[in-house]
Amino acid sequence: MKKSITIYLAVPLMLLSIVGIEYAQSAYRDQLLSEERAERSLKFQLARAQLESIIFHDIYLSESLATYISANPNSDSEEWEPIARALYERADAIRNIGLAPDNIIRYVYPLEGNEEAIGFDFRTNPIQYASVRQAMESKEMVVSGPVNLVQGGTALIARVPIFEVNNPDRYWGGASVVINTDILFDEAGLTELADQGVRFALRGRHGRGRDGDIFYGEESIFEGGNPELVVNLPNGNWILAYEKLTAFSERIAWYREHLVRILGISLLFAILAILGYTDWALNLARKHAREDKLTGLTNLRYLDQFTELLMSKNAKERIQFAILYIDLDGFKQINDLYGHKVGDDMLIAVADTLRKSISSTDVAARIGGDEFLLLLTRMRSFKDLDFVVEKIRTAIVETTIEHNGKKLYVGASIGTATYSEEGKSLDDLLKTADKKMYENKRERKENES
């Protein structure tokens, strides 16, 4: 009798266990897939930031040469050579720098490999002359491409019109900065992603954004709701779209993908083990959560992961970024006087302000209570960091919520840390920024007293 009761109990327990195991397996697979999607998203965000950084850096190098010729219209190649060489050596992806008096190329640096461009008259090529004429008429830099080059290959070209300083209406000619798209994509990390089998596409030839032609990848990438990013150019933008991850990549081992099912079947008849695993799975899901539920901002775990990607890129490119550690002043009084609901509303309002105060490549995070972190990823120089801090502080102070007809607001104590001058790990940066934040809080209290 006992045996039959055991059998009767075993059958429903087995069925319930199978259902529970498969449910947990599905949740686990969704979590793994979510992590891979987040990692892919981070890689393309970083690639977008690198594209913008390299393009703006290399293009604006050319302005010094154009300025020199504008002031010295009778100068010759012997005077241009050292300037062009210096610009070329400082650039990341420049293929060559060309000068075209009266729109005929007379000088190219470096000459080797670009000999066929000498003597080329832009007026004989309607496609290229269109951008030259646009630069002449607007008297502004025009970025075109990618285009096919006379000397072979494809490139992004910045046209800089040159007008004489002493006679602003006299057109001397133009300077052209040719950026090798292969090198540009390689330096930005897109080549590596393509080698890994990740499908993506770029559209917006000549900076025309969504209205422009597709110049890399397949048109199908722009369909089916795939993620898209805007790559800003000096006079327009590109659209970068990448294929949404719908299945595991090959680097996920089969046993990792089916880990829950393997463990569940092995522990099918151990109720305590099943309950323990369920608890572990829930804890794992909470641990892997990337978003602060109250404010919708990033949490510290996601920030740590993003920072690791930035630091790994630093092995190839010199990336500068800064951490801002923000502690709200006066928040405790609001929380104590008006209750947690009003306090939460204040935190949500501040979070929204921080989100609007940073660029699309920066990260805002709430790390607990009334403490926030900003990760500023596009710092070419730390000279403007104090200005940025005051801008953020002012934005926070001007953020108000209304309760019973009364406007409530908070202040902010802010500490900063820069990579890699003040730390080479997130922990080091946080310690430095935290220390500076408390120094700032003490100084503010002393000034108020």
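The values are calculated or read from the model by the stated rules, or taken from the named source; none is laboratory data. Because the structure is a prediction, the values reported are computed rather than measured. Here Cβ is always computed from backbone atoms with ideal geometry, including for glycine, and neighbour counts include all displayed protein chains.
Selection over the range 97-128 of residues that are at pLDDT below 90 and either crowded, with 19+ Cβ neighbours inside 10 Å or among the hydroxyl-bearing types (Ser, Thr, Tyr) (or both) gives a count of 3.
Annotation: of all residues in the range 338-358 being small (Gly, Ala, Ser) and over 11 Å from Thr295 (Cα atoms), the one that is nearest to the chain's Cα centre (by Cα) is Ser357.
Just one residue in the set Val231, Val165, Val198 is among the β-branched types (Val, Ile, Thr), in a strand (DSSP E or B) and farther than 16 Å from Asn103 by Cα; that residue is Val231.
Is there a residue being within 24 Å of Lys313 (Cα to Cα), assigned to a helix (DSSP H, G or I) and in contact (Cβ under 8 Å) with a residue 60 or more places away in the chain anywhere in the range 129-137?
As a first pass, look at the range 129-137 and keep what is within 24 Å of Lys313 (Cα to Cα): none.
Checking the range 129-137: not a single residue is within 24 Å of Lys313 (Cα to Cα), assigned to a helix (DSSP H, G or I) and in contact (Cβ under 8 Å) with a residue 60 or more places away in the chain.
Can you confirm whether the range 161-173 contains a residue that is buried (at least 22 other Cβ atoms within 10 Å of the Cβ), under 24 Å from Leu87 (Cβ atoms) and of a type in the set (A, V, I, L, M, F, W, C)? Within the range 161-173, one or more residues are buried (at least 22 other Cβ atoms within 10 Å of the Cβ), under 24 Å from Leu87 (Cβ atoms) and of a type in the set (A, V, I, L, M, F, W, C).
Applying the criterion of at least 2 residues that are surrounded by 15 or more Cβ atoms within 10 Å (Cβ to Cβ) and touching a Lys or Arg at 6+ places or on another chain (Cβ under 9 Å) to the strands (runs of 3 or more DSSP E) found wholly in the range 319-395 leaves 321-329, 371-376. Can you say whether Asn114 is in contact (Cβ under 8 Å) with a residue 24 or more places away in the chain and in contact with a helix residue (DSSP H, G or I) (Cβ under 9 Å, 6 or more places away or on another chain), as far as the supplied structure shows? Spelling it out, it is not the case that Asn114 is in contact (Cβ under 8 Å) with a residue 24 or more places away in the chain and in contact with a helix residue (DSSP H, G or I) (Cβ under 9 Å, 6 or more places away or on another chain). Taking the range 425-449 as the range and being part of a helix (DSSP H, G or I), free of Cβ contacts under 8 Å to residues at least 24 places away in the same chain and farther than 30 Å from Lys313 by Cα as the test, the residues that pass are Arg442, Glu443, Lys445, Glu446, Asn447, Glu448. No other residue among Ser41, Ser75 is of a type outside the set (A, V, I, L, M), surrounded by fewer than 16 Cβ atoms within 10 Å (Cβ to Cβ) and within 19 Å of Ile239 (Cα to Cα) apart from Ser41.
This table checks each residue for (1) within 27 Å of Lys406 (Cβ to Cβ); (2) without any contact (Cβ under 8 Å) to a residue 40 or more places away in the chain; (3) among the aromatic types (Phe, Trp, Tyr); (4) assigned by TED's automatic domain parsing to the domain that holds Ile319.
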{"residue": "Lys341", "(1), (2), (3), (4)": "yes, yes, no, yes"}
{"residue": "Ala351", "(1), (2), (3), (4)": "yes, no, no, yes"}
{"residue": "Lys356", "(1), (2), (3), (4)": "yes, yes, no, yes"}
{"residue": "Phe372", "(1), (2), (3), (4)": "yes, no, yes, yes"}
{"residue": "Asp384", "(1), (2), (3), (4)": "no, yes, no, yes"}
